[in-house]
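First the structure, in the form of structure tokens, and then the observations on it.
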Amino acid sequence: MTWGDTGRRGRRQRARTAGGRRLSLAHTPAPVAGWTLAAALALLSALPAPAPAAPSPLGLNLLPEGDFERWSQAAPDGWTLSTNTGSCAADTTACATGRASARLHLPPGQGAVRLVSRATPASAGFYFARVMLRVDGMSRRGDFEGGSLGLTLEWRDAQDALLQRKAVAWTYGPTDWAYRDQILEAPAGTASARAVVELSGDSRMPLAATGWIDDVALCPYTPPRGIGDRAVGEFSIVAGQPVLRTVDAIGWGYPAGILVGPDTDTVQGEWTRDALATFGAALHTRPGVPAGDVFHSGYVTDQPPGLYRVILRARLPPHPAWDTNAPVLLTHAVHVASGAHGGRTISAADFHTPGAYEEFSYDVVKPSAGWVSFGVRTPGGNVESWLDYLRVVQLVRFRDTDLPHWYPGVTGRATETVPLPATGAQRALLVEGLLANVYRCGELLAHAGWTTDVARIKIFNGVIQLPGFPVGAPELRAHRLVILANATLDALAPEQRYQLRRFVEDGGGLLVLGGKTAYGNGGLRGSFLEDVVPVVTADSAFDIEAQSAPLTAGPDAPALALALPRGLAAPFVHRATVKPGSLLLATAGDRPYLVGGTFGRGRVACLLGTPYGRAPTGQRLITEWSGYPPFFHAVVAWLTGGDKR
């Protein structure tokens, strides 16, 4: 079954060519040789972009006691426990939401601990299933060594007979708290659903395993109509060659690798002419090939959190040589860096007209920024198919404030409060992005006697990483000051952004320094920090502008005892406006340059300059000025000089 406007019964998608002629994408009469790569890309670029679709609210959680807050003896209310060698108990010290989680334990070797929810009414349709998992032990390598912890859903009919069993999430080694989820379709005839949580091991499991489960949910899901506001990745075949278009979070196109070709052992597709395909060619899987990838994309990097749709266009031969009730024909899946994933298995029975191209789709929720990859697999054997294209489109881009609706535990434990160090304590957390060394923060803090912990942003396999940033509130709250030096907030998990917000609200100091990966291109808009800072930034990745006016003290400079000499240059500054009630401490012409403000009991300062450019003749950059160290220390002293009561 497909969703929204991607019907399978021959609905024809159309695009306008450069000459204004309407061209059918369902049946292209032009020969393969008539297409060039440039022409194909031009046509793909001309695909219309529908207006963004608003996310449909999720229904209420249907599962009983999915938060594991109430227990009767050894099992949570609404769940049945079975185990041979393990144990299960409530844990109030290690939980992701609320006051308790379910802790399951197994000794090394073979065994299982299983929790099964009571049946809850359900019907055919779409559901969003999620679970929060944590594991200690189990595996020495972090991958499968005989043990696993996971969540499975069972769809049952009115007589409680099993219709379908679907794995939602599994993990095979040590992991901290993390959400796993899928959007699923309950089959026709569904009358109830059960959730099964299982910690299991076989004789190969080398270590004792402890698994924690929290926030298990099964919520009705109404797919948004439309196919999204932009393509994240798009695979098509043109003149016997693959074309993979990718679009990053700020709208630039980049080439990306695609794993297809005769030199790849696991790839089971080959290029062939096909007049029915969009561009006159398709990826063909012949009968007799072994199981493997038809194709797989490279990493489509830097994709924002949101709701995505995967759309596959494929066909069967006119007269299939196998049973049309074959259970599996193709499997297409999408994976994201955060661990969330989705997939769909297509059988021959899902096709209405053998020989004609039809579309299949599914939705996937992406809870955090990072990469996306997508692909199609064949089970091999006596099956044959043609693949025209696969598209991944973004339906809705999430703001931080949208995330708790989908993932209530994303903000961490609301009850977790740790006091900040006393006023005057000198320990800072410095988060460094590109060219952060220009600001000399670590050097200047050290000269003033501060202890500074440094976390540097890295990019690995298309994933923005920030090793060294505190995971929990206690580690973050050991500091009095946090400095984001040209540091994108996308490097932080949503929980870390929320904890930083709470840190300021409870009296911490925050200094935000500009650069290409700060403010507009740094994930500030729509984040938990947007209303913390004293400025409104441009809603654009291109928010840095060249300007020639010198720096001058602002009307509120006396609050910090700031004095700026003539001849200080700021060649590039971020576009921003000052929020009412904030302090305008320095300006660059008519643009704000340094702005201070309060949030809760804490103080925030935003320096809207950047580490780029050269000063005009006769002027100096502020970081080259001999008075820059006292200037920096004055800002730090104001930020950490005491809670706003």
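The values are calculated or read from the model by the stated rules, or taken from the named source; none is laboratory data. Keep in mind it's a predicted model, so treat the numbers as computed, not measured. Cβ coordinates were reconstructed from backbone atoms using ideal geometry, including for glycine residues, and neighbour counts include every protein chain displayed. Surface areas here come from the heavy atoms of the whole protein model, side chains and all, with no ligands, DNA or RNA. Shrake-Rupley method; radii C 1.70, N 1.55, O 1.52, S 1.80 Å.
Could you please state how large a percent of the accessible area of region 82-161 is carbon and sulfur, counting protein chains only and using a 1.4 Å probe?
Numbers: 1530 of 3250 Å².
Summing carbon and sulfur atoms, their accessible area is 47 percent of the total for region 82-161.
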(message) Please report the projected area of region 519-645's Cα convex hull averaged over all directions, in nm².
(response) 7.7 nm²
(request) Write down the accessible area per residue of region 557-645 in Å², having rolled a 1.4 Å probe over the full set of protein chains. (result) 44 Å²
(message) Placing unit charges on C-beta atoms (Lys and Arg positive, Asp and Glu negative, everything else neutral), compute the dipole magnitude of region 74-164 about its Cα centre in debye, rounded to 20.
(response) 220 debye
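Could you tell me whether region 62-107 comes out rounded, prolate or oblate from its Cα gyration tensor? Rule is a ≥ b ≥ c as square roots of the eigenvalues, rounded for a/c under 1.5, then prolate if a/b exceeds b/c, otherwise oblate. Please list the in-between numbers first.
Working: a/c = 2.15, a/b = 1.28, b/c = 1.68.
Here region 62-107 falls in the oblate category.
Given a Förster distance of 22 Å, report the FRET efficiency between D590 and T401 from their Cβ-Cβ distance, rounded to the nearest 0.05. It would help to have the intermediate numbers written out before the result.
On the way: r = 32 Å, r/R0 = 1.44.
That gives a FRET efficiency of 0.10.
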(message) Can you give the FRET efficiency to the nearest 0.05 for K458 and A158, using r as the Cβ-Cβ distance and R₀ = 45 Å?
(response) 0.25
(message) In region 489-541, if the dipole is taken from +1 on Lys/Arg beta carbons and -1 on Asp/Glu beta carbons about the Cα centre, which of S527, P494, S540 is farthest to the positive end?
(response) S540
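Between beta-carbons, use under 9 Å as the cut-off and find the net charge around R427, counting Lys and Arg +1, Asp and Glu -1. It would help to have the intermediate numbers written out before the result.
Values: positive: R480; negative: D453.
That sum, taken over residues with Cβ under 9 Å, equals 0.
Roughly speaking, what is the stretch gain from A74 to T577, that is 0.36 nm per residue apart minus the C-alpha to C-alpha distance, in nm to one decimal?
Details: separation 503, 0.36 × 503 = 181.08 nm, distance 5.70 nm.
Extra length from A74 to T577 when fully extended: 175.4 nm.
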(message) Order E443, E145 by their accessible area, 1.4 angstrom probe, all chains in place, largest first.
(response) E443, E145
(request) Taking the Cβ of V196 as the centre, find all other residues whose Cβ is under 11 Å away and add up their charges (Lys, Arg: +1; Asp, Glu: -1). (result) +2
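Which value, in debye to the nearest 20, gives the size of the charge dipole of region 426-488 about its Cα centre, when Lys and Arg are +1 and Asp and Glu are -1 at the Cβ?
Numbers: 6 positive and 4 negative charges, 13 e Å.
Computed about the Cα centre, the dipole is about 60 debye.
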(request) Under 15 Å from the Cβ of P220, count the other residues' Cβ atoms, weight Lys and Arg +1, Asp and Glu -1, and hand me the total. (result) -2
(request) Can you pull the one-decimal nm distance between simple spin-label points at A349 and R427, each 7 Å off the Cα toward Cβ? (result) 6.2 nm
(request) Any chance you could get the radius of gyration and Dmax over the Cα atoms of region 146-203, in Å? (result) 13.5, 39
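So, with a 1.4 angstrom probe, what is the percent of accessible area on region 519-645 that is carbon and sulfur? Walk me through the numbers before you get to the answer.
Details: 2830 of 5360 Å².
Carbon and sulfur: 53 percent of the exposed surface of region 519-645.
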(message) Quick query: amide H of A281 versus all other amide H atoms, modeled in the peptide plane; which residues come in under 5 Å with a sequence gap of 5 or more or a different chain?
(response) A239, D274
(request) Tell me which residues come under 5 Å, amide H to amide H, from R134 once H is placed; ignore anything under 5 positions away on its chain. (result) W212
(request) Report Rg(Cα)/(2.2 N^0.38 Å) for region 95-187, keeping two decimals. (result) 1.22
(request) List the residues whose amide H sits under 5 Å from the amide H of G109, counting only those 5 or more places along or on another chain, with H placed 1.01 Å from N in the peptide plane. (result) M205, L207
(request) Quote the FRET efficiency, to the nearest 0.05, computed for S123 versus V536 with a Förster distance R0 of 56 Å and r equal to the Cβ-Cβ distance. (result) 0.75
(request) With label points built 7 Å along Cα→Cβ from the Cα atoms of A94 and A208, find their separation and express it in nm. (result) 1.1 nm
(request) Report the charge-dipole magnitude of region 437-546 in Debye, nearest 20, computed about the Cα centre from +1 at each Lys and Arg Cβ and -1 at each Asp and Glu Cβ. (result) 280 debye
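Would you mind working out the accessible area per residue for region 143-217, using a 1.4 Å probe, and quoting it in Å²? Show your work: numbers first, answer last.
Numbers: 2680 Å² over 75 residues.
Counting only protein heavy atoms, the per-residue value for region 143-217 is 36 Å².
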